[in-house]
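In what follows, a structure is listed as structure tokens, so that the remarks can point back to it.
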Amino acid sequence: MDLRKIILSAFKSGKLENKTQNEIISSLHLPPSYKKPAKAVIKNLSSEGLIIKVDGGKYVSPEKAGAFYATVKANAGGYAFLIPDGYKERENDYFVPAKRLNGALDKDKVLAIPLGKGDEALILKIISRGRVSVTGRLIYERGNYFVIPDDRAYGADVLIPRSLLKGAVDGDKVVAEITAHHQDFVNGKIIKVLGADGDFMTEEEAIIAAAELNTEFPPYVLETAEKVSSEKVVLGDRVDLRSLLTVTIDGVDTRDIDDAVSLEKIGGKLRLGVHIADVSHYVKYNGCIDKEAYERGTSVYFPDRVLPMLPKSLSNGACSLNEGEDRYAMSCIMTFDENGKKLDYEIFESVINSDKRLTYDEVTAVIERGETGIVTPEIADMLKAMADLCLKLEAVRKNDGEVSLDVKEAHIYVDESGEIVIPDCDRALSHRLIEQFMVSANESVADFALKRKAPFLYRVHEKPTPEKVSLLYGFIKELGINAKGNAEDASPKDFQKILELVEDKPFAPVVNKVMLRSMQKARYCEENLGHFGLASKCYCHFTSPIRRYPDLFVHRVLKALLRGGDGEILGKYAAISPKAATDTSEKERRAEQAERDVDDLYKLAYMQKHIGEQFDAVVSGVIESGIFAELSNTIEGFIRIDLLPNDYYDFFPEKFLLKGRRHSFKLGDSVKVKAIGCDLCSRRIQFSLV
């Protein structure tokens, strides 16, 4: 007799709602020998949150109690928010004050109920713990060792017994595994000593460890990758494109080359080829390389290293579209008219051989400065034709309503002498060219799958919430910009119109940033929900399978469709696509946060050598305690309110404004600043006004 199944089924039918333990057992008419096991099952179901014990010792189903499952998003201030399962930005999250956390910590999975009609909730049970380890500084205090987590949102210090220190000493940066949870404290053991707290490389290692990023591949994965990457490329049934003039265009330090491009003029029309590394040929579904790639989700890029999704024998070797080498590819050939309108496309498996590996700087030299000698005349002509097509595609997208944000992103690198370099940002035509071509291919592939109703991973970007759109309109109104739009039903063209109105204004970069913050986060989804920013009805990620798992998923579906649409294979992908969408979106966010944190660390190290120097800057953030100012190379520093001109300041968050009697500071203001300090613990650079 499966008591667990019987009891859950009876609760689902409503038969056992609002009954005590004894009443439940009586209602089930169990033989005497089953009564004791039944009590144990009820206790287990309650501890798992599958039934809830309420006033008077009665039990109800979570649905009856209005309970919901959620993930804790804690704050360093001690309080937390609950993100319900299946949460979308348009819905409400719930606030939980510290006194109602009931021992729950950041990232824990919990069962909770709303309180009253407000947005507060009470945590009933902790279903599972979210963190298995923390990274922080080991301290010795009052006879005990504690790890103080770097992420203060975690909500608890970790008590470490002396026998589990693993050689760590007071002041070391460590990784601690959580071994036990108590109501008021957490036990743990040291599993890795990273180095002395405050050391630059130690801090970088700590960020990587805190993000739980895999830094090494298991030996058997490396061995399998070496074996499959040694296979010789064979044409087979693939289309032979090795004689087609093809080039790759990447950063100077890129080693994992996903994409190659070609362009032919035929009868007044343009045939653009986007050829993507066929990673799925080497990485078989559910094999050891695939499982490791899924666990990583994406490659992670830092100024001094890359944590690749695939072993180097594949990412830099067999899969990379290296110059002069035969490579398996998935090709998307698109035909455009003379105005840049897409007429049709075709997708197929191919073999290519790249004629030239080009960098963005080299392409810029050819198409913008007309420099010769870098490439052959034939390649130069093709690059100029590509540049012309790029401009036409941009015009088409602008007409469609694409929200083309101009938000600077730092390109931080370490030069040959070991110096950190952070140049001013420059988004050249060569970068835009590749972006336009990749977007066109991604749209074509998504359209191909949608028309065939195939299981898929779409890249979706839902429209912003009315609340955030209203704040955006309020902000630009304060800047003197009169833009019209419907906050309840914002369109990409509404946002595009705002960008056009501020295009030549000094505060344009800040409006771009505020607009970006007002938008929802793009994510992966098994349903096609469109892409707001691109004003695209259907979009996916197809062009980077070496470094993104969703692209690899897309390639596998494409192959199944191209080879006859095998129902069993497609059914398999349909079953896993919802979880794959959720998992890969989460891993993307984790990687992006780690990249930002490491970038901040490098910016801080860079500015340590510029203490006392003065810079032109723009106010990029305003909070009650001061203002943020950003330099032209994206480095941002904080100016405390006590370092602003002496005044009585009021903070207006909806206007991004600190207003005094004689002075005021708002987003977009030009200021001159001096670098006065760097705080490694907060990774914050301190400025003062000149």
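The values are calculated or read from the model by the stated rules, or taken from the named source; none is laboratory data. The shown structure was predicted, so the numbers you read here are calculated from the model rather than taken from an experiment. We place every Cβ from the backbone using ideal geometry, glycine too, and count neighbours over all the protein chains shown.
Computed quantities for the displayed model
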quantity	calculated
Top-ranked residue in the stretch 43-85 [being at positive phi and in contact with a strand residue (DSSP E or B) (Cβ under 7 Å, 6 or more places away or on another chain); ranked as modelled with the lowest pLDDT]	49
Filter pass, residue 276 being closer than 27 Å to residue 444 by Cβ, assigned to a loop (DSSP other than H, G, I, E, B), assigned by TED's automatic domain parsing to the domain that holds residue 575 and not acidic (Asp, Glu)	no
Hey, residue 283 under 24 Å from residue 243 (Cα atoms), out of contact with any Cys (no Cβ under 8 Å at 6 or more places or on another chain) and surrounded by 22 or more Cβ atoms within 10 Å (Cβ to Cβ) or not	no
Residues of the stretch 457-474 satisfying the condition of being out of contact with any strand residue (DSSP E or B) (no Cβ under 7 Å at 6 or more places or on another chain) and not β-branched (Val, Ile, Thr)	462, 463, 464, 466, 467, 468, 470, 471, 472, 473, 474
Residue, nearest to the chain's Cα centre (by Cα), within the stretch 147-174, restricted to residues that are over 24 Å from residue 201 (Cβ atoms) and not basic (Lys, Arg)	153
Per-region count, the stretch 512-570, residues at pLDDT 95 or above, in contact with an Asp or Glu (Cβ under 7 Å, 6 or more places away or on another chain) and either over 22 Å from residue 440 (Cα atoms) or of a type in the set (Phe, Trp, Tyr) (or both)	3
Tabulated pairs, the stretch 149-161, first over 17 Å from residue 208 (Cα atoms), second at pLDDT 90 or above and aromatic (Phe, Trp, Tyr), C-beta under 8 angstrom, 6+ apart or interchain	157/146; 158/146; 159/145; 159/146; 160/145; 160/146; 161/145
Condition check for residue 309: farther than 26 Å from residue 223 by Cα and in contact with a strand residue (DSSP E or B) (Cβ under 8 Å, 6 or more places away or on another chain)	no
Only listed residue being surrounded by fewer than 19 Cβ atoms within 10 Å (Cβ to Cβ) and within 24 Å of residue 393 (Cα to Cα), chosen from 572, 559, 537	537
Search result, residues across the stretch 335-365 that are among the aliphatic types (A, V, I, L, M), crowded, with 20+ Cβ neighbours inside 10 Å and touching a Ser or Thr at 6+ places or on another chain (Cβ under 8 Å)	347, 352, 358, 363
Pairs with Cβ under 8 Å, 6+ apart, first in the stretch 366-379 and within 21 Å of residue 265 (Cα to Cα), second of a type in the set (D, E, K, R) and assigned to a loop (DSSP other than H, G, I, E, B)	379/355
Residue list for the stretch 366-386, filter: closer than 15 Å to residue 261 by Cα and surrounded by fewer than 19 Cβ atoms within 10 Å (Cβ to Cβ)	378, 379, 380, 381, 384, 385
Selection from the stretch 340-357 of residues that are touching a residue at least 60 places away in the same chain (Cβ under 8 Å) and under 17 Å from residue 436 (Cα atoms)	342, 343, 345
All positions within the stretch 437-480 that are polar (S, T, N, Q) and touching a His at 6+ places or on another chain (Cβ under 7 Å)	442
Condition broken by residue 239, with the remaining ones in (1) of a type in the set (A, V, I, L, M, F, W, C); (2) more than 30 Å from the chain's Cα centre (by Cα); (3) under 18 Å from residue 298 (Cα atoms) satisfied	(3)
Residue identified as in contact with a helix residue (DSSP H, G or I) (Cβ under 9 Å, 6 or more places away or on another chain) and within 30 Å of residue 596 (Cα to Cα) among 402, 338	402
Selection within the stretch 210-233 - of a type in the set (S, T, N, Q) and either part of a loop (DSSP other than H, G, I, E, B) or under 22 Å from residue 593 (Cα atoms) (or both)	214, 215, 230
Members of the stretch 407-418 that are loosely packed, with under 14 Cβ neighbours inside 10 Å and in contact (Cβ under 8 Å) with a residue 24 or more places away in the chain	407, 409
Residue 373, sole failed condition from (1) more than 27 Å from the chain's Cα centre (by Cα); (2) outside any loop (DSSP other than H, G, I, E, B)	(2)
Qualifying residue in the stretch 402-421 (condition: touching a Lys or Arg at 6+ places or on another chain (Cβ under 8 Å), under 30 Å from residue 265 (Cβ atoms) and modelled with pLDDT of 95 or more)	no
Members of the stretch 132-145 found to be at negative phi, surrounded by fewer than 19 Cβ atoms within 10 Å (Cβ to Cβ) and among the charged types (D, E, K, R), listed by number	141
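Every residue, every condition in (1) of a type in the set (Lys, Arg); (2) assigned to a loop (DSSP other than H, G, I, E, B); (3) not assigned by TED's automatic domain parsing to the domain that holds residue 250, yes or no:
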position	(1), (2), (3)
340	no, yes, no
387	no, no, no
398	yes, no, no
430	no, no, no
